[in-house]
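The values are calculated or read from the model by the stated rules, or taken from the named source; none is laboratory data. Quick caveat: nothing in here was measured; it's all calculated off a predicted structure. Cβ coordinates were reconstructed from backbone atoms using ideal geometry, including for glycine residues, and neighbour counts include every protein chain displayed. What goes into the accessible areas is simple: the full protein's heavy atoms, side chains included, and nothing from ligands, DNA or RNA. Shrake-Rupley method; radii C 1.70, N 1.55, O 1.52, S 1.80 Å.
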Amino acid sequence: MNSNHLLLEEPIRMASILEPSKPSFFPAMTKIVGTLGPKSRSVEIISDCLKAGMSVARFDFSWGDIEFHQETLENLKTAVKSTRKLCAIMLDTGGPELQVVNKTEHPISLEADTKVILTPDQDKPATSNLLPINYHGLSKAVKKGDTIFIGQYLFTGNETTSVWLEVDEVCSEDVVCLIKNSATLSGTLYTLHVSQIRIDMPTLTDKDKEVISIWGVQNNIDILSLSYTRHAEDIRHARSFLSKLGELNQTQIFAKIENIEGLTHFDEILQEADGIIFSRGNLGIDLPPEKVFLFQKAAVYKCNMMGKPAVVTRVVDSMTDNLRPTRAEATDVANAVLDGSDAILLGAETLRGLYPVETVSTVGKICAEAEKVFNQDLYFKKTVKNVGEPMSHLESIASSAVRAAIKVKASAIICFTSSGRACRLIAKYRPTMPVISVVIPRLKTNQLRWTFSGAFEARQSLIVRGLFPMLADPRHPAESKSGSNESVLKVALDHGKASGVIKPHDRVVVCQKLGDASVVKILELED
């Protein structure tokens, strides 16, 4: 895959670097996904995270039971009501994740140059010489000399909290390993990763299916993060499973790329998935360190050209325990934005980190600064060229709306939509101003009862860069027969004014359907 460079639009005035960052209603165009867990599950903390810029809440089912996550979700609902900020729900599957089973939860000290046995016998207690694991096939998958990493919530690279092992010999179902560095494993979760080895387990496990069928259905999840996606068939299988679960047929599936196998089949996976999550924790183990950035840049570019959200993980690991990120981490966040990422996913930083709210706020500020120097002109030209001619009707309208908004220096684009497709296409061209997506609910029936659609479409756009959804009154049609849809447009403009995005005398670009035609119009606002 060839990566394409995005250059800064113009030389940066040094004085502008010293100007303080200005807070706003929309902290950044780039979205932030926060993982809710022990340190971030109270109503107060979740409310503060929403105010700081979190727009998607991730529930990681590689740990914790259904009851724990349900309590957290109820707190999220309370926080959403009090802050009046929409938030999407992402269910992250455990998938074929290998774990060390430590029932006592006592810290385990491992000494360098000694040996430890990995055994599938989970009844044995975890010690410095023996680590029970949740997989019986490890002895068949590895050979002498292979590398195994063990750490808390994915391998961190920190020599005191993560350990790397070298397979010394295989004895029946046990794997004897040489410990390469001294470390203490502590906490509730130790994950195990074997570099570049295929684990013969289904991507959607029986436990995952149970969680989705109970918790997912009960809470109408917006996004399913499919851990360890390795083939396009993994997405098709998950979609077939969701289609049988009522409302979940609307749930979007994001492929989580975590190893060489997923990287090798990336193009086919991208065709099937609704979005991509780059799990750099595991990818950084499977790939040589000098290759990780190449895959990230090339893969994000491919997502951009297809108009599918690209989500980057593991950006500010040090904020798990510290109030400030390292300089390298801050630069990493900015580069992810300049590459074209839609969202930044925070894992351990908010799950068990000491500063979840500060982390969301800091990442949002870095994203906002990077967006100011994003080379939109070059990006726009590449996107148009990639689409080719003739363009589809909707693609033409979307690109025209963005071009018009930039030319007239509009403060916002307002897009009326019912399916969400039109506003996503507008966002694909990365306008420099917010896109207020007015989702008009549609009435539908299953012969037993009438329901309104629209909530899924609104929340799902919360992971798309630059899209800020609002649900309109269902009595207003998305397609107007007359030349205007004044009442719902007024609501959208009022929302923009209240959020500080739209001011008197600003220009606003409106994109909507009039009968069978789609139109783009420019409004010049009065006082």
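Considering only 112, 68, 191, and ranking their Cα positions along the charge dipole of the chain that arises from unit charges at the beta-carbon of Lys, Arg, Asp and Glu, the one farthest toward the positive end is 68. Residue by residue, region 201-209 carries 3J(HN,Hα) couplings of 9, x, 5, 9, 7, 4, 5, 4, 4 Hz when phi is fed to the Karplus relation 6.51 cos²θ - 1.76 cosθ + 1.60 (θ = phi - 60°); x denotes Gly or Pro.
Based on the mean of other Cβ atoms within 10 Å per residue, sort peptides 140-148, 416-424, 96-104 so the most packed one is first. Please report the intermediate quantities before stating the final value.
Working: 140-148: 15.1, 416-424: 21.4, 96-104: 17.2.
Order by mean packing, descending: 416-424, 96-104, 140-148.
What does the helix-only formula give at 222 nm for the chain: each DSSP H stretch with n ≥ 4 adding -39500 (n - 2.57), the total divided by the residues, and the result rounded to the nearest 500 deg cm²/dmol?
On the way: 18 runs with 180 residues, N = 527.
For the chain, the value works out to -10000 deg cm²/dmol.
Here the chain is assigned +1 on the Cβ of each Lys and Arg and -1 on the Cβ of each Asp and Glu. Its dipole about the Cα centre then comes out at about 2040 debye. Highest mean packing first, where packing is the average number of other Cβ atoms within 10 Å per residue, the peptides 459-466, 117-124 line up as 459-466, 117-124.
For the chain, the solvent-accessible area with a 1.4 angstrom probe is 44 square angstrom per residue.
Just need the Rg to Rh number for region 126-255, please, alpha carbons only, Kirkwood Rh. It would help to have the intermediate numbers written out before the result.
Numbers: Rg = 17.8 Å, Rh = 16.9 Å.
When Rh is taken as the Kirkwood radius, the ratio is 1.05.
In Å, the Kirkwood hydrodynamic radius of the chain over pairs of distinct alpha carbons? About 24.2 Å for the chain.
Kyte-Doolittle mean at least -1.0 and Cα extent at least 24 Å along the axis: which DSSP H helices of the chain qualify?
On the way: long enough: 66-83 (25 Å, -0.58); 289-306 (27 Å, 0.14); 356-372 (25 Å, 0.04).
Taking the DSSP H segments of the chain (at least 24 Å long, mean hydropathy at least -1.0), we get 66-83, 289-306, 356-372.
Of the heavy-atom accessible surface of region 48-185 (probe 1.4 angstrom), what whole percent is carbon and sulfur? Accessible surface attributable to carbon and sulfur in region 48-185 totals 49 percent.
Take peptides 52-63, 190-201 and line them up by average Cβ neighbours within 10 Å, highest first, as a rough protection proxy. Working shown, then result.
On the way: 52-63: 23.5, 190-201: 17.7.
Packing order, densest peptide first, comes out as 52-63, 190-201.
Could you please state how large a percent of the accessible area of region 336-475 is carbon and sulfur, counting protein chains only and using a 1.4 Å probe?
Numbers: 2990 of 5490 Å².
Answer for region 336-475: carbon and sulfur cover 55 percent of the accessible area.
Its convex hull of Cα atoms gives region 98-194 a direction-averaged projected area, equal to a quarter of the hull surface, of 5.0 nm².
What trypsin sites (Lys or Arg not before Pro) in region 225-296 are in a loop by DSSP, with at most 12 other Cβ atoms within 10 Å of the Cβ?
Values: sites: 230, 236, 239, 244, 256, 280, 291; in loops: 230, 244.
Sites meeting the loop and neighbour criteria: 244.
Centre-to-centre separation between the Cα atoms of region 309-352 and those of region 193-222: 25 Å. In this structure, residue 113 and residue 392 have a Cβ-Cβ separation that, at R0 = 56 Å, corresponds to a calculated FRET efficiency of about 0.35.
Translational diffusion of region 319-432 was estimated from the Stokes-Einstein equation, with Rh taken as the Kirkwood radius over Cα pairs; at 25 °C and 0.890 mPa s the coefficient is 152 µm²/s.
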